[in-house]
Amino acid sequence: MAELAWVAAALPLLSFVVQVFAPGALRRRGDWIGITAVAASFLVSTGVFLETIAGVHLHVSYPWATFGDRTFQFGFQVDALTGVMLVVVTLVSLMVHVFSLGYMEGDIRYGRYYTILSLFTFSMLGLVLADNFLELFVFWELVGLCSFLLIGHWYEEKANSTAAVKAFLVTRVGDIGMLIGIFLLYSVAETLQYQELWAKLPSLTAGLVDSRTLTAIALLLFAGAVGKSAQFPLHVWLPDAMAGPTPVSALIHAATMVAAGVYLVARAFPLFLSAPASLYWIALVGGFTAFFAATIALVQDDIKKVLAYSTISQLGYMFLGLGSGSLVAGSFHLMTQAFFKALLFLASGSVIHALHTQNLHEMGGLSRRLPVTTWTWIIGALSMAGIPPLAGFWSKDEVLLAAFHSGRPVLFWLGVITALLTAFYITRATWLAFFGEGRSAARARKEAVHPDHPGHRGGEHVHHVHEGDWRFRLPLLVLAFLAATAGLVGSSWFGHPFTRWMEETMAATAPAFHPAELSPSVFVQLVALLAALGGILLGWLVYGARVISREAVIAALRPLYALLKHKYYLDELYAWLFVRTTVAFSWLAGAVDRYVVDGAVNALGWLGAQIGFSAGDFDQTVIDGAVNGVGQGVVAGSHLLRRAQTGYVTTYLWVLLGAMAAGLLAIAIVAIR
Amino acid sequence: MLTALIFLPLLGSLILLCLPRENHRALRGVATFFTAAELLISLLLVARFVPGQAGMQFTERYDWIPSLGISYHLGVDGVSLALLVLTALVTLLSAITSYSITERVKDFYVLLLLLETGMLGVFAALDYVLFYVFWELVLVPMYFLIGIWGGPRRQYAALKFFIYTLAGSVIMLVGILALYFGSGLGTFDMLALQEAGRSLSSHLQWWVFIAFFLGFAVKVPIFPFHTWLPDAHVEAPTGGSMLLAGILLKMGAYGFYRISLPTLPDATQAFAVTLATLGVINIVYGAFVAMAQQDLKRMVAYSSISHMGFVMLGLAAMTPRSLSGAVFVMLSHGLISPLMFFLVGTVLYERTHTRIIDELGGLYNRMPVAAVVLAFGIFANLGLPGLSGFVGEFATLLGSFDVFRTLVIAASLGLVITAAYHLWMMQRVLMGEANTVGGVGLLPDISRRELLVAVPLMALILFLGVYPAPTFAFFNDAILRLQNMVQLASLGGGF
């Protein structure tokens, strides 16, 4: 089965190709093709995953191109990490495909939407199957393309197209770092293929390459991860990316593509382990981003923005785990987050679909009207907050354990505080959306335009708040089940089976993946649980029981509140620092080109023309003409052109042939002389 | 075989001269027939080409002016044959594109076929005099194409193009003569002078190199000799623009490959840093200036300048990877830039009658298929992996990294700017609400004939991007031989 892993990627590609070439001929605009393909792809992935559990790993590659003297390969590899990723990607993608049946129904670009979903699924699977950095980079850019196209799905709105462009460009900044990292890596190791690289790594670290170069490679590759996984300071694109349809946010901007950066670091973990200084930076960036994004999530009013900052924060958690030296912690949290965050996004989609608003302050009291949505959301929220035995608790525990053992207490406590903030903001969102009294939008209201659906344009109609059909409920229930139980595979109750399996099998593929050997700690579990409970309690006190007045807190912390509300003014800072200076510089370059560079050319031409006229001598040979060819050319050319425009060119073509013969003769004469 | 390939268009133009000028159908038909036949012949050559074989293939050699050592010498290696195929393809597509020309159809196609002879001759000539004749032959028809069928400022643009390139090529001629007299061999044969050039005194090598450099630099064009290009493109008819960007710019780069590197290796080494720096200036500066443009054609023209910078960087680094990357960029750009000029110059312009970016907008909703084709072109041009642009740029940068580390990093940063101006343009032209440029509501979408031009280019761009191995294999041996030669020269030549 594992040798057929490429089929998992090929099926969505096939679906994409069919949808591109036969858009009109397909029933239901091709959605069923995409769903069938990704369902089949999920089955293949499951088969591959089951084999990786048994320890199967392999890689197959074919020559892709020979640049002069070096050949680059294209292929695929399967191991434990890829097995997990395959299942996560195809499962979440399948759920999103199903959810979109209802959510995107009647959209003006329904067919385009499903076509790009197929392309995305293919590219994401290609990314996790790739067996070398060049191939990884190819798919890395392709998922970015799909992200761009889907963020800009409703491109009529300028805000949406701007968000799409911003996402592409900000991630591109990181990607260039990654590209340079790949060049540097190839320069020292002469291979980009994972297996060959891990085999060479001991000899490289043994002294052929100084540790600063290795650290530089690792950090440059990490720059790509910072962009794709929206880590500080390149996180600014992800909140804006919420302009895309909500199921896309769930798939691309929560569960899979944004986790690609985490996957990259996990995949290249031997390299990072051999450059320990880089791990420190990864932990630092991850820990800081986790905390930083969580603080912004505290004050967001848009339900999708809360989840977006929460995603940034959780991705930071994964990097904290990886940077603390634990491959398993990062990839485990990647898996559980994919489930609970996709669930939360789809649940928010269900709310948005029912209410036609994304503003938390216009919701409230939905638990009675949207029971399935509410309860699945609550499972997702509790899972993310870290309440045992739900999935998020176990993976968060693994991350905190790694940070605890890494000898960086500040980062550990930062992680704990983040856990508290996480529990607080998700409690806040839960309460505002689902409990209390129904506010404006939650009551039946007249609706002209669907805010997240410019595609729906019809007459005004009275809209009753109600839950969607099975197309909404089924994905929510499946993901809720996973968000609740998926963590048990890594639970300390059963002796951390996920951790042991992952470490053993990864070490089998590369000796450099040496296990982290973290002894379990009841202290860490207790602290994490207390943080989660504390956050929920605080949230309930403010928004549920209203014992603490929200207004009083805001008034007391007004400057801080403003700072958070404006996302630390980073968008404004970047707009000044990068966007405006770039545009201004381009205008300057344009002006220099027009007035200085071209101005000099025109001045020279004018000067030449003056000389040509005053000399008035047309009897020079071709070689002499070279001396003041500029001036002569002006005169001769303008004469020719004037005649050509009034007479027939045909005549001149004969003249041309004659002139060429004459020119050759002239050369001959000069040469003889 | 090569003679037939080169002079068949000339025969075609003579036949066209004998046809009545009113019969547009017949004129277009004959021109299309000849350009299509050219493509077939070039593909026939490809089929009979042996990539691994040393030396030139399909060589033909006759004395021309024996007393001066001038011969009619033709031959190709993998690189020049690839460029011949590209030339034949783009000329055919340009001929089809130019069906929309209704004035002086006869003259137009006569010139187009004459131009084809010139371009093919440049890539196949192995004698300096022959090379120079073809080089000049390209200049004249293009001058008329711009000057007669061009836009409102065609006079200025055509003259500027003509004088600029003429000045460059005359200086090149001086270089050729210096090489001829300096070697003392009494021959204009390129291959014979390759040996001789290496034994010239380094002083003379430098001067000859500079003379050739100026000739080629104008054609590529290399900063600061590039300002004729945007003017020429903006005014040229689309068919002319496609050839100008797709083929004519490659002539300059080809000159470095065929003449400067093998014949003057020491001087090339000495100037390598300068060449690479100018290449990176092309990339970064070209991208910034492209961002500032309002006219779509000007923007695409500056993006051509930017992309040709990669070719210069790869040629200057002189590693096998960078050289093959540079050749690949030439081929890839030879497909992408004609597609872009075709889209903005014909498909968009003939419907909206504007090329000003801010006047366009919402074209996704007004001409859906054409807009998707343009989006494809934009992503190809900005170097999206999976399409041909990425492969060449990646190979060039990777290959140049060990030689010019800082410059490669600077060029890579330029890629952000490249992406920025492309996407910004895309946002303003394709996205947004539909406006009323060119009429209210939907515009006529891309026509069947226009698809006939766009689809082959798109298919090749995709093929070269997805599976580049056969293309590289086609010219890798030529690259390795050249690199060997340069390396030997730098080892042996201890001036």
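The values are calculated or read from the model by the stated rules, or taken from the named source; none is laboratory data. Predicted model, so just to flag it, every value in this text is computed and none were measured. Cβ coordinates were reconstructed from backbone atoms using ideal geometry, including for glycine residues, and neighbour counts include every protein chain displayed.
Quick look at the numbers
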item	result
Selection count, region B:129-144, where residues are closer than 26 Å to residue B:102 by Cβ and at the interface with another protein chain (Cβ under 10 Å from one of its Cβ atoms)	4
Condition met for residue A:402 (touching an Asp or Glu at 6+ places or on another chain (Cβ under 7 Å) and outside any loop (DSSP other than H, G, I, E, B))	no
Whichever residue in region B:39-74 is touching a Lys or Arg at 6+ places or on another chain (Cβ under 9 Å) and among the aliphatic types (A, V, I, L, M) and, among such residues, is modelled with the highest pLDDT	B:74
Unique match (being at pLDDT 90 or above and surrounded by fewer than 21 Cβ atoms within 10 Å (Cβ to Cβ)) among A:430, A:418, A:485, A:505	A:485
Residue in region A:306-324 that is under 19 Å from residue A:248 (Cβ atoms), crowded, with 24+ Cβ neighbours inside 10 Å and more than 23 Å from the chain's Cα centre (by Cα) present	no
Count - residues of region B:25-70 that are in contact with a Ser or Thr (Cβ under 7 Å, 6 or more places away or on another chain) and over 16 Å from residue B:94 (Cα atoms)	6
Within region B:400-417, considering residues that are facing another protein chain (nearest Cβ under 7 Å) and free of Cβ contacts under 8 Å to residues at least 12 places away in the same chain, the one nearest to residue A:584 (Cα to Cα)	B:416
Residue B:270 being surrounded by fewer than 23 Cβ atoms within 10 Å (Cβ to Cβ), over 20 Å from residue B:324 (Cα atoms) and either out of contact with any His (no Cβ under 9 Å at 6 or more places or on another chain) or more than 12 Å from chain A (Cβ to nearest Cβ) (or both)	yes
Sole residue being within 12 Å of another protein chain (Cβ to nearest Cβ), crowded, with 24+ Cβ neighbours inside 10 Å and over 16 Å from the mean Cα position of the chain (by Cα), chosen from A:122, A:133, A:148, A:99	A:133
Residue match in region A:190-198 (condition: of a type in the set (Ser, Thr, Tyr), at pLDDT 95 or above and outside any helix (DSSP H, G or I))	no
From the options B:397, B:384, residue that is under 21 Å from the mean Cα position of the chain (by Cα), closer than 27 Å to residue B:355 by Cα and either among the basic types (Lys, Arg) or facing chain A (nearest Cβ under 10 Å) (or both)	B:384
Residue that is facing another protein chain (nearest Cβ under 10 Å), over 17 Å from the mean Cα position of the chain (by Cα) and part of a helix (DSSP H, G or I), where the choices are A:182, A:108	A:182
Selected residue (criterion: nearest to the other protein chains (Cβ to nearest Cβ)) from residues of region B:86-121 that are in contact with a Ser or Thr (Cβ under 8 Å, 6 or more places away or on another chain) and either over 26 Å from residue B:253 (Cβ atoms) or surrounded by fewer than 22 Cβ atoms within 10 Å (Cβ to Cβ) (or both)	B:107
Of all residues in region B:442-481 being over 30 Å from residue A:68 (Cβ atoms), touching a residue at least 24 places away in the same chain (Cβ under 8 Å) and within 22 Å of the chain's Cα centre (by Cα), the one that is nearest to the other protein chains (Cβ to nearest Cβ)	B:454
Scope region B:358-381; condition touching an Asp or Glu at 6+ places or on another chain (Cβ under 8 Å), away from chain A (no Cβ under 13 Å) and part of a helix (DSSP H, G or I); matching residues	B:370
Answer from B:232, B:196 - the residue that is in contact with a Leu (Cβ under 7 Å, 6 or more places away or on another chain) and modelled with pLDDT under 90	B:196
Test: residue B:229 is assigned to a helix (DSSP H, G or I), within 13 Å of another protein chain (Cβ to nearest Cβ), touching a residue at least 60 places away in the same chain (Cβ under 8 Å) and under 22 Å from residue B:257 (Cβ atoms)	yes
Criterion violated by residue A:139 - all others in (1) without any contact (Cβ under 8 Å) to a residue 60 or more places away in the chain; (2) surrounded by fewer than 20 Cβ atoms within 10 Å (Cβ to Cβ) satisfied	(2)
Some residue of region B:187-195 being within 13 Å of chain A (Cβ to nearest Cβ) and either under 22 Å from the mean Cα position of the chain (by Cα) or surrounded by fewer than 23 Cβ atoms within 10 Å (Cβ to Cβ) (or both)	yes
Residue that is under 26 Å from residue B:486 (Cα atoms), more than 14 Å from chain A (Cβ to nearest Cβ), crowded, with 24+ Cβ neighbours inside 10 Å and touching a residue at least 40 places away in the same chain (Cβ under 8 Å), where the choices are B:330, B:340	B:330
Residue match in region B:166-173 (condition: away from every other protein chain (no Cβ under 14 Å) and surrounded by fewer than 24 Cβ atoms within 10 Å (Cβ to Cβ))	no
Among (1) within 14 Å of chain B (Cβ to nearest Cβ); (2) under 23 Å from the mean Cα position of the chain (by Cα) - the single one residue A:72 does not satisfy	(2)
Residue satisfying condition, being in a loop (DSSP other than H, G, I, E, B), among the hydrophobic types (A, V, I, L, M, F, W, C) and surrounded by 24 or more Cβ atoms within 10 Å (Cβ to Cβ), within set A:225, A:241, A:230, A:266	A:230
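Here is a yes/no grid of residues against (1) touching a helix residue (DSSP H, G or I) at 6+ places or on another chain (Cβ under 6 Å); (2) assigned to a helix (DSSP H, G or I):
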residue: A:535; (1), (2): yes, yes
residue: A:547; (1), (2): yes, no
residue: A:573; (1), (2): no, yes
residue: A:577; (1), (2): no, yes
residue: A:590; (1), (2): yes, yes
residue: A:599; (1), (2): no, yes
residue: A:609; (1), (2): yes, yes
